[in-house]
Amino acid sequence: MHCLLLAGVQFVFDLRLVLLGNKAAGKSSLANLITGHAEPRRTVTAQCVKLHGEFAGRQVTVIDTPGWWKNFSAKETPEFQKQEIVLSIAHCAPGPHAVLLVIRVDALFKEKHRRSVQEHLEILGERVWSHAVVVFTYRDHIQEKTLAECIGSEAESLLLWLVEKCGRRYHVLNIERARASQLKELLEIIDAMVMGNGDCHFEMDRKWLHRVEGKMTKRYTRANQRRKIVQDQWESPLGRQGHKQIPIQKMRIILLGPRRAGKSSAGNTILRTATPTSRRTSACVRRQGEVNGRHVTIVDTPGWWKSLSVAHTPERDKQELLFSSSLCPAGAHTLLLTLRVDMAFTQEERKSMEEHMALLGEQVWVYTMVLFTHGDCLGDVTIEEFIEGEGEALQGIVERCGNRYHVLDNENWNDGGQVTNLLDKIERMVAQNKGRCYEMELKTVKEVKQKWKEAEEKAKARVKRCKQMKNTVKEPAKTSGLTLVLLGYEEAGKSWTGNTIFGREMFGSGRTVRCIQRHGEVRGQKITIVDTPGWCKHLPTEQNPTLIKQQITQMQALNLSGALAFLLVLRADCSFKEPELQAMKEHLSLLGSRVWDQGIVVFTFEEQLGDRGIELQIECEGVALQWLVDRCGNRYHTFKDTSTSERQQVRELLEKIQRMVQANADSDWRNTELREVTQWKKIEEGRVKRLGVKEGSKSDEDSRGKIQVEIEEEESDDVFDDGEAEESSWRRN
Ligand SMILES: Nc1nc2c(ncn2[C@@H]2O[C@H](COP(=O)(O)OP(=O)(O)OP(=O)(O)O)[C@@H](O)[C@H]2O)c(=O)[nH]1
Ligand SMILES: [Mg+2]
């Protein structure tokens, strides 16, 4: 090793650094800064980039790497990107002196972000932590505030964990205007670490490195074979002949796929329009335009949650899919099944995709082509390498589509070549299908239309009933103290609802595992909110963890003052069928039957419904959801995740609660059934009987002995929002 001794401090003359971090954390800018490269690279870093430079008279080599999505676990990062992380070490053989973990200091840092950092870093092995330094970027965005003031206590403790894991080595930078002295400080930290590590650089387990290199070679070889097969297929005599014989003047395309897959963006790219796509597509949309001398019709459809089975998709979304082809008179030439290349593709996703496609009939695959989006994230990796790298799940889907696929980079929608190629492939495919188009049975479309007509009428009637109810209750007086209990299945948005009501982050971002009580004042009214752990959406109580039942049952022992309301929290954009209703009924029965009189259904994520009103969603979803809303006396409310309407939606909810409290003025829940735990006992007895376990067996007694309502009443954190859109928000872990 080439070391220098200056003013008594020894340091490495040829310093090698690897930069890791999530997307847009500032890695490339930092790499440029350290190596003195003035030219900023505007595109996303898809492969490792090696930069050389000189700093303070020393040679520095920096390996910039592709970043991961900060909300996602390493499991969700595509294979080729994880392999790039491993390769970063080989790019600066014999190994880097330091791995700089780049993190934006002004961004939210939640538990899932921490976990993501840990998982991605540990791709390199546990030993990497001894060579890691945290570099916080975007110092200028937090102005004069201290780090602690900005990140909040939850983030602070998580970042502290990270800094501790890196041997307390960290540095804060403002890359835009970094002074040489700031960089010097960073190098001093690195030098001290290298010295502490006995002048050793980080070395990866050789076997592991060879294994990854072997995998990459295999991936490359198989990708070449696939490319050849697919090329032959496109160039087959039928395809060529057909291409010449059937130029399609009026092309009709349906875009479908999981949520956020890039369907609407792909529509824009094909039609070369720049219609904004920030909102979720919640109903079929037909758009038309002239492309390369053809008249192209595109039907965009609502997506499904990529990892969830079709049972979780709301009825309305499924009906929209059935309806889509009727917007293409004479049928669709192709269905483009949209998929992202910047994310891994799992068996779960394949299952979900096949289930949703099955709604459209078995013959649908004959007309389907996989449309890969986020092509910009592939860099030099070919789409065939991506397909081979992702494994059987993706290969299965590609094969079901007869090996037809195309890649789009929607960020570069001005690149006409990619669209010309796509249209060309569609024409060949139509030729291979002998000109036939995909059409949904007329009978099914008629049924859908009839259902929508009925649902619209019922929705109007529900709105009318709500208005009548509002008018019958006289203007309610403000209650002196109000207690709101949040109840619902897991990840329904209970804690989020609590935070929205308080207008600040009073409940943490992680999974709620026990009852948490918080106090605050909203619109001059003292409010207590009790957050509870959610049950599994469609499992009956006996199969749900005992702890949840214990927490709900014991929650009544809390000293709750003033008026009380139960907020039954559901996601507006998810299915709610008989199993979900049963789970809800059984869990609520632990609180006695009067929970219905004091209950109000709160739908979260209303923004996901687009222009569709919640009443229409309730009527389309079916009898289970209608029963629930009716059982709560037609009391319901919606919350959407937009800061502008936030306070108004809270005011309206509080008014609805006050009207309910007024109507229930004579009752006092705590003196009646809610104190009784007999129902809970009955359910427990039934469960024990069904399981054939002797009552009072050791395990049961053990858990009962531990029943304790654990109530947290800590100081809460300030809301700290970086405004970053969730890449996908509702998946079971
Ligand atoms: N970098 C990059 N971003 C893309 C690409 N395609 C889409 N996006 C982004 O991905 C996000 C989701 O894209 P949409 O087109 O709205 O996805 P969608 O499938 O229509 O989403 P839903 O209608 O919500 O189901 C947007 O922020 C797009 O800007 C792409 O090729 N490259
Ligand atoms: Mg869309």
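The values are calculated or read from the model by the stated rules, or taken from the named source; none is laboratory data. Treat the numbers as computed from the prediction; the structure is a model and nothing was measured. Heads up, the Cβs are rebuilt from the backbone with ideal geometry, glycines too, and the neighbour counts pull from every protein chain shown.
For the stretch 231-252, check the following and say yes or no: at least one residue is crowded, with 20+ Cβ neighbours inside 10 Å, modelled with pLDDT of 95 or more and either within 16 Å of ligand 1 (Cβ to nearest atom) or closer than 30 Å to residue 102 by Cα (or both). No; the residues of the stretch 231-252 include none that is crowded, with 20+ Cβ neighbours inside 10 Å, modelled with pLDDT of 95 or more and either within 16 Å of ligand 1 (Cβ to nearest atom) or closer than 30 Å to residue 102 by Cα (or both). Number of residues in the stretch 477-499 that are crowded, with 17+ Cβ neighbours inside 10 Å and modelled with pLDDT under 75: the value is 1.
Applying the selection to the stretch 514-535, what residues are buried (at least 16 other Cβ atoms within 10 Å of the Cβ) and assigned to a loop (DSSP other than H, G, I, E, B)? Within the stretch 514-535, 514, 515, 532, 533, 534 meet the criteria.
Of 160, 187, which residue is at pLDDT 90 or above and among the aliphatic types (A, V, I, L, M)?
Exactly one of 160, 187 is at pLDDT 90 or above and among the aliphatic types (A, V, I, L, M), namely 187.
Taking each residue of the stretch 171-199 that is closer than 15 Å to residue 136 by Cα and in the same structural domain as residue 102 (by TED's automatic domain parsing) and looking for partners that are of a type in the set (Asp, Glu) and in a helix (DSSP H, G or I) with beta-carbon atoms closer than 7 Å, six or more apart or interchain, yields 171/185; 174/140; 176/140; 177/140. Return yes when residue 371 is assigned by TED's automatic domain parsing to the domain that holds residue 352, modelled with pLDDT of 95 or more, within 16 Å of ligand 2 (Cβ to nearest atom) and under 16 Å from residue 255 (Cα atoms) and no when it is not. When the stated conditions are applied, residue 371 passes them.
So that you can scan it fast, the table gives a plain yes or no per residue for (1) more than 12 Å from residue 22 (Cα to Cα); (2) surrounded by fewer than 18 Cβ atoms within 10 Å (Cβ to Cβ); (3) of a type in the set (A, V, I, L, M):
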{"site": "74", "(1), (2), (3)": "no, no, yes"}
{"site": "89", "(1), (2), (3)": "yes, no, yes"}
{"site": "93", "(1), (2), (3)": "yes, yes, yes"}
{"site": "96", "(1), (2), (3)": "yes, no, no"}
{"site": "99", "(1), (2), (3)": "yes, no, yes"}
{"site": "111", "(1), (2), (3)": "yes, yes, no"}
{"site": "117", "(1), (2), (3)": "no, no, yes"}
{"site": "126", "(1), (2), (3)": "yes, yes, no"}
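Provide a single number: the residues in the stretch 504-513 that are under 21 Å from residue 649 (Cα atoms) and crowded, with 18+ Cβ neighbours inside 10 Å. Working first, answer last.
Filtering the stretch 504-513 down to residues under 21 Å from residue 649 (Cα atoms) leaves 504-507.
From the residues that got through so far, the ones that are crowded, with 18+ Cβ neighbours inside 10 Å too are 505-507.
So the answer is 3.
Any residue at all in the stretch 341-359 that's among the acidic types (Asp, Glu), within 30 Å of residue 215 (Cα to Cα) and within 16 Å of ligand 1 (Cβ to nearest atom)? Within the stretch 341-359, one or more residues are among the acidic types (Asp, Glu), within 30 Å of residue 215 (Cα to Cα) and within 16 Å of ligand 1 (Cβ to nearest atom).
Checked against (1) at positive phi; (2) modelled with pLDDT under 95, residue 331 passes all but condition (2). When residue 308 is tested against (1) within 16 Å of ligand 2 (Cβ to nearest atom); (2) assigned to a loop (DSSP other than H, G, I, E, B), just one condition goes unmet, and that condition is (1).
Test residue 283 against the stated conditions and say whether it is within 16 Å of ligand 2 (Cβ to nearest atom), among the small types (Gly, Ala, Ser) and assigned to a loop (DSSP other than H, G, I, E, B). Here the answer is yes, as residue 283 does meet what is asked.
Would you tally the residues in the stretch 320-334 being more than 14 Å from ligand 1 (Cβ to nearest atom), buried (at least 22 other Cβ atoms within 10 Å of the Cβ) and not hydroxyl-bearing (Ser, Thr, Tyr)? The qualifying residues number 3.
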